[in-house]
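S.K.: Mind looking over this structure? Questions follow.
The values are calculated or read from the model by the stated rules, or taken from the named source; none is laboratory data. Just so it is clear, the structure is predicted and the values come from calculations on it, not from any experiment. Positions of Cβ are backbone-derived with ideal geometry, glycine not excepted, and every protein chain shown enters the neighbour counts.
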Amino acid sequence: MDTVESVEAKPHLILLHGWAMHGGIFAPLLPHLQRHFKVRCIDLPGHGSQQHSVVPLEFSPFWKSLLPTLEQPVYVLGWSLGGLFALHGALAFPEYVKGLILLNASPSFVARNDWPQGMPTTVFRQFAADLAQDYDGTLHRFFMLEAQGSEHLRADLRRLQATAFEFGRPDPRVLTQGLHLLESSDLRGQLPQLQVPSLWLAGRRDRLVNPAAMQAAAEMAGGDFQCDEHGGHAPFLTHPEAATDAIRMFAEGAHA
């Protein structure tokens with residue numbers, strides 16, 4: 001039987017980035033993933049190379065623009081905000097998705113009455129208000145939270161900031177749209193209808209997405225949950241080999 005290492009049978013994997021970033025943030029992960037997958041990093045509308053895209057930063061328009069470009073059914077990895085886009089695609093278009101990997105991502109980013117695992121709404125809204133008042137300082141604090149858990153925090157912080165600004169300063173309007181999606185989206189109710197295999201990769205040191213939220217979501221979806229005891233919010237920076245191993249083993253199981 002072919003495995004995901006077979007050159008002729010390398011499965012396709014698309015990567016969806018998080019808030020304020022673009023696909024370039026996955027650069028440390030690519031050399032590891034490309035041994036096993038044909039990898040494609042996708043910039044969400046309004047981000048990176050898609051800063052001037054006419055496609056709105058919304059789930060359905062994004063996927064309807066992406067589907068015609070797919071050569072075959074793909075594995076989809078979504079990190080943070082990208083996880084919501086990945087999950088929507090797997091729910092809405094299961095015939096195009098072979099497997100779903102949620103990397104430090106939750107179906108409901110903020111807390112609800114029945115979802116204490118989310119970020120408190122007051123904290124989230126204060127962050128949005130801070131962004132409007134102090135763009136640079138708020139982004140810097142956000143990058144600090146993302147880099148937590150790294151043994152090379154300063155270097156990873158510099159990488160996060162350099163990547164975010166590679167295409168110029170992220171558009172505040174697009175950042176606000178992304179925050180609205182994070183606050184308003186709640187896909188928990190659809191998880192029992194998920195038709196594709198799923199892997200939920202969390203980090204115990206993640207300061208933005210509670211591992212308990214990911215574990216609860218994995219149970220709702222009938223998926224696999226794994227938690228890196230030393231990982232933070234950006235494990236592809238801190239532990240790319242471990243992240244790749246988990247993704248590869250998941251894809252091999254789904255393929256089998």
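S.K.: Check A221 against each of (1) at pLDDT 95 or above; (2) crowded, with 22+ Cβ neighbours inside 10 Å; (3) under 17 Å from L15 (Cβ atoms); (4) not aromatic (F, W, Y) and name the one condition it does not meet.
M.R.: (3)
S.K.: If you go through region 59-91 one residue at a time, how many are part of a strand (DSSP E or B) and out of contact with any Gly (no Cβ under 7 Å at 6 or more places or on another chain)?
M.R.: First, the residues of region 59-91 that are part of a strand (DSSP E or B): 74-79.
Filter once more, keeping what is out of contact with any Gly (no Cβ under 7 Å at 6 or more places or on another chain): 74, 77-78.
Number of matching residues: 3.
S.K.: Can I ask one more? What is the number of the single condition among (1) β-branched (V, I, T); (2) within 23 Å of F127 (Cβ to Cβ); (3) surrounded by fewer than 22 Cβ atoms within 10 Å (Cβ to Cβ) that T244 does not meet?
M.R.: (2)
S.K.: Also, I was wondering about something else. Somewhere in region 200-208, is a residue surrounded by 13 or more Cβ atoms within 10 Å (Cβ to Cβ), among the basic types (K, R) and free of Cβ contacts under 8 Å to residues at least 24 places away in the same chain?
M.R.: Step one: of region 200-208, the residues surrounded by 13 or more Cβ atoms within 10 Å (Cβ to Cβ) are 200-203, 205-208.
Subset that is among the basic types (K, R): 205, 207.
Then keep just the ones that are free of Cβ contacts under 8 Å to residues at least 24 places away in the same chain; that gives none.
The answer is no; no qualifying residue exists.
S.K.: A further question follows. Can F165 be described as modelled with pLDDT under 95 and of a type outside the set (S, T, Y)?
M.R.: Numbers: modelled with pLDDT under 95: yes; of a type outside the set (S, T, Y): yes.
It is true that F165 is modelled with pLDDT under 95 and of a type outside the set (S, T, Y).
S.K.: Now, a different point. What number of residues within region 32-58 are in a helix (DSSP H, G or I), out of contact with any strand residue (DSSP E or B) (no Cβ under 6 Å at 6 or more places or on another chain) and in contact (Cβ under 8 Å) with a residue 40 or more places away in the chain? Can you show your working first?
M.R.: Initially, region 32-58 is screened for residues in a helix (DSSP H, G or I), giving 32-33, 48-50.
Next, from what is left, pick out any that are out of contact with any strand residue (DSSP E or B) (no Cβ under 6 Å at 6 or more places or on another chain): 32, 48-50.
So of that shortlist, the ones also in contact (Cβ under 8 Å) with a residue 40 or more places away in the chain come out as 32, 48-49.
So the answer is 3.
S.K.: Report, by residue number, each residue of region 209-241 that is within 20 Å of M21 (Cβ to Cβ) and free of Cβ contacts under 8 Å to residues at least 24 places away in the same chain.
M.R.: H239
S.K.: Under 7 Å between Cβ atoms, which residue pairs at least 6 apart in sequence (or on different chains) link something in region 131-146 that is polar (S, T, N, Q) with a partner that is assigned to a helix (DSSP H, G or I) and surrounded by 12 or more Cβ atoms within 10 Å (Cβ to Cβ)?
M.R.: Close Cβ pairs satisfying both conditions: T138/F127; T138/D130; T138/L131.
S.K.: Within region 59-71, track down each residue that is modelled with pLDDT of 95 or more and in contact with a strand residue (DSSP E or B) (Cβ under 8 Å, 6 or more places away or on another chain). Reasoning before the result, please.
M.R.: Here is the first cut: in region 59-71, the ones modelled with pLDDT of 95 or more are 59-70.
Answer for region 59-71, where residues must be modelled with pLDDT of 95 or more and in contact with a strand residue (DSSP E or B) (Cβ under 8 Å, 6 or more places away or on another chain): L66, L70.
S.K.: Also: Select from region 219-237 the residues that are assigned to a strand (DSSP E or B) and acidic (D, E) and write down the one among them that is farthest from H88 (Cα to Cα). Please lay out each step first, then the result.
M.R.: Of region 219-237, the ones assigned to a strand (DSSP E or B) are 224-228.
Imposing the further condition that a residue be acidic (D, E) reduces the set to 224, 228.
Values: D224: 18, D228: 25 Å.
Filtering first and then ranking leaves D228.
S.K.: Answer with yes or no whether G231 is at pLDDT below 90, crowded, with 20+ Cβ neighbours inside 10 Å and over 24 Å from D43 (Cβ atoms). Quick ask: steps written out before the conclusion?
M.R.: Details: at pLDDT below 90: yes; crowded, with 20+ Cβ neighbours inside 10 Å: yes; over 24 Å from D43 (Cβ atoms): yes.
Yes: the conditions hold for G231.
S.K.: For residues that are modelled with pLDDT of 95 or more, under 24 Å from E183 (Cβ atoms) and in a strand (DSSP E or B), tally how many sit in region 196-218.
M.R.: Count: 4.
S.K.: Could you list, in sequence order, all residues of region 1-26 that are more than 16 Å from G83 (Cβ to Cβ), part of a loop (DSSP other than H, G, I, E, B) and modelled with pLDDT of 95 or more? Walk me through how you get there before you give the answer.
M.R.: The initial filter retains those residues of region 1-26 that are more than 16 Å from G83 (Cβ to Cβ), namely 1-12, 24.
Now narrow it down to the ones that are part of a loop (DSSP other than H, G, I, E, B): 1-6, 10-11.
Scanning region 1-26 gives a single hit, P11.
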